[in-house]
1. Being exposed (fewer than 11 other Cβ atoms within 10 Å of the Cβ) and either in contact with a His (Cβ under 8 Å, 6 or more places away or on another chain) or assigned to a helix (DSSP H, G or I) (or both) is the filter here, so list the residues in region 106-116 that pass it.
2. Going through ALA137, ALA103 one at a time, which residue ends up being open to solvent by less than 20 Å² (accessible area, probe 1.4 Å), out of contact with any His (no Cβ under 8 Å at 6 or more places or on another chain) and among the small types (Gly, Ala, Ser)?
3. Collect the residues in region 35-54 that are in a helix (DSSP H, G or I), open to solvent by 10 Å² or more (accessible area, probe 1.4 Å) and either of a type in the set (A, V, I, L, M) or touching a residue at least 40 places away in the same chain (Cβ under 8 Å) (or both), keeping them in residue-number order.
4. Would region 117-124 turn up any residue that is open to solvent by less than 80 Å² (accessible area, probe 1.4 Å) and within 30 Å of LEU3 (Cβ to Cβ)?
5. Could you grab me the full set of residues in region 16-34 that are in a loop (DSSP other than H, G, I, E, B) and buried (at least 16 other Cβ atoms within 10 Å of the Cβ)?
6. Go through region 55-77 and count every residue that is out of contact with any Leu (no Cβ under 9 Å at 6 or more places or on another chain) and either without any contact (Cβ under 8 Å) to a residue 24 or more places away in the chain or not in a helix (DSSP H, G or I) (or both).
7. Going by the conditions given, is LEU80 assigned to a loop (DSSP other than H, G, I, E, B), among the aliphatic types (A, V, I, L, M), free of Cβ contacts under 8 Å to residues at least 60 places away in the same chain and surrounded by 11 or more Cβ atoms within 10 Å (Cβ to Cβ)?
Amino acid sequence: MSLRLPYTQLSPAAYQGLASVKSSLQHSSLGLPLIELVYLRVSQINGCAFCLKMHASALRARGESNERIDSLAGWRVSELYSARERAALEWAESLTDIAVTQAPDQHYLPLQEHFSPEEVADLSFAIALMNAFNRLAVSMRQ
């Protein structure tokens, strides 16, 4: 498949804005392993092959097991994920499908048990960011 438009070159300031958000999240107290796990799950839902490869590779480079990466789509029925990760993954799925879910309290309230308000904000930005990157990559056939 060939790239429809070189969108990063055609809108460099907009793309740089997204890259700046990604860079700022690397300093979040959420930690890169959780952020990458969320990026991977959002990319699975959105069907972004480019991002799937990138985030699975990043997780492996950070020492994440193949078993956890391979079972991520089934996190609800897997014992491999902590309560903190489950709360983040639930929120990621809820925000990714926000037109249907409307981000209900049942998905939001568990976050308060595991994350500070700043971390909930960072997590929400990470989810929104990956959805933006996925939509660009999928729509432009990256």
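The values are calculated or read from the model by the stated rules, or taken from the named source; none is laboratory data. Since we're looking at a predicted model, the values are computed, not measured. All Cβ positions, even for glycine, are placed from backbone atoms using ideal geometry, and neighbour counts span all protein chains on display. What goes into the accessible areas is simple: the full protein's heavy atoms, side chains included, and nothing from ligands, DNA or RNA. Shrake-Rupley method; radii C 1.70, N 1.55, O 1.52, S 1.80 Å.
1. Residues of region 106-116 exposed (fewer than 11 other Cβ atoms within 10 Å of the Cβ): 106, 109, 113.
Selection gives GLN106, GLU113.
2. Only one candidate passes the filter, namely ALA137.
3. Going residue by residue through region 35-54, those that are in a helix (DSSP H, G or I) are 35-46, 49-54.
In the following step, the residues that additionally are open to solvent by 10 Å² or more (accessible area, probe 1.4 Å) were identified as 36, 41, 44-46, 49-50, 52-54.
Across region 35-54, the qualifying residues are ARG41, ILE45, ASN46, ALA49, PHE50, LEU52, MET54.
4. yes
5. Narrowing region 16-34 to residues in a loop (DSSP other than H, G, I, E, B): 26-31.
Residues satisfying the conditions are SER28, LEU30.
6. Filtering region 55-77 for residues out of contact with any Leu (no Cβ under 9 Å at 6 or more places or on another chain) gives 57, 60-61, 63, 66, 70, 73-74, 77.
Now restrict to residues that are either without any contact (Cβ under 8 Å) to a residue 24 or more places away in the chain or not in a helix (DSSP H, G or I) (or both): 57, 60-61, 63, 66, 70, 74, 77.
Residues flagged as out of contact with any Leu (no Cβ under 9 Å at 6 or more places or on another chain) and either without any contact (Cβ under 8 Å) to a residue 24 or more places away in the chain or not in a helix (DSSP H, G or I) (or both) within region 55-77 amount to 8.
7. For LEU80, the condition - assigned to a loop (DSSP other than H, G, I, E, B), among the aliphatic types (A, V, I, L, M), free of Cβ contacts under 8 Å to residues at least 60 places away in the same chain and surrounded by 11 or more Cβ atoms within 10 Å (Cβ to Cβ) - is met.
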